[in-house]
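Notes for the one structure printed next.
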Amino acid sequence: MDLNLEESLGRVFRDKLRLPTVLAGDSATLLPSTRVLLKRREAAEVERELQRQRGEFGQRMELLGQRRQQLCQRKDQLQDVILKFNAFLQASAVRRERVLQRARAAGRENDAARLLQELEGLQQHRERLVQQTESLHHFSDYLQDVVARTGQFQDVPAMLAHFAVLARARATLAQEAAAGQEQLAQGRAQLQRYQEETDSELLRTRDELARLRARLEAARIEVLQEESRWAQIQSAATQRMLQLGQIKLAVLNLFQLVTAQFKVPMDVALENTEAQLDMVLLCMQDLADICTELRPREQGLCPPRVPAATGTHRLRHGGARAALRQK
């Protein structure tokens, strides 16, 4: 701290010495009293600066003292905590050692009890094996006798090994047979599914065939009905054509009779049935008029009304009417 204080004081003096001073050329012209005043002023400023630095240094020292006290208290607290922790660790180590000792003692006792139990179990197992050996002793004699009789094996273990191989082969064959049975069952199941699918498809095909046959039968019935209707239409048309031919023939006969009877010129074509019919109607109308003129006073007699001609032959055959009236 003293070194820091000396450095700060030296730095202050150096700063104060940098204050504005009088030039070297003018210092000779200044009065001694003026120079003394300047020196006193500089000394007063330096003193004030020193006082300020001392105050700041005192405050810093107080703060450092308080910090040092706090650090001492913290150090004491930490020492107490460390002592307590060390005591706790020592107590924990002691307790752990006691627990380990107890565990070792208990483990030894448990191991001894377990070993005794295992020993008893092994003795019991040995006794059972001895009993089984005694009970199977006659089987050993039987096997020795079998080996002696067969003469194929050197001793009983060789025979047992041979039968073990046979047993394994039998087990393998049994597994293969089981696998074959399983495959056969799977094949049968697939065949059953295929048969079911085929039956269902066949049933659907039969249903579709039945529907198509029904549609075909309905179509046949409809065709027969249409053919019958067409035959009826053709028959009706034939009858109409016959009727038309008969009508044309009758009209032609009437036209020929009328023209022959009344000597009317036949200037109408044979195919023009309407003109022929008009001529016949015209003649009938003329006859009706003549009858009306000849017997106008007869009561109760009214000649039938003849329809008017539809053509223009009435105007063209005036001579025929005159001939009729003369007759």
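The values are calculated or read from the model by the stated rules, or taken from the named source; none is laboratory data. Remember, predicted model here, so these are calculated numbers, not experimental data. Heads up, the Cβs are rebuilt from the backbone with ideal geometry, glycines too, and the neighbour counts pull from every protein chain shown.
Descriptive notes on the structure:
- Considering residues of segment 264-281 that are part of a loop (DSSP other than H, G, I, E, B) and surrounded by 11 or more Cβ atoms within 10 Å (Cβ to Cβ) only, the residue modelled with the highest pLDDT: Asn272
- Index of the failed condition, Asp286 passing every other in (1) out of contact with any Leu (no Cβ under 6 Å at 6 or more places or on another chain); (2) part of a helix (DSSP H, G or I): (1)
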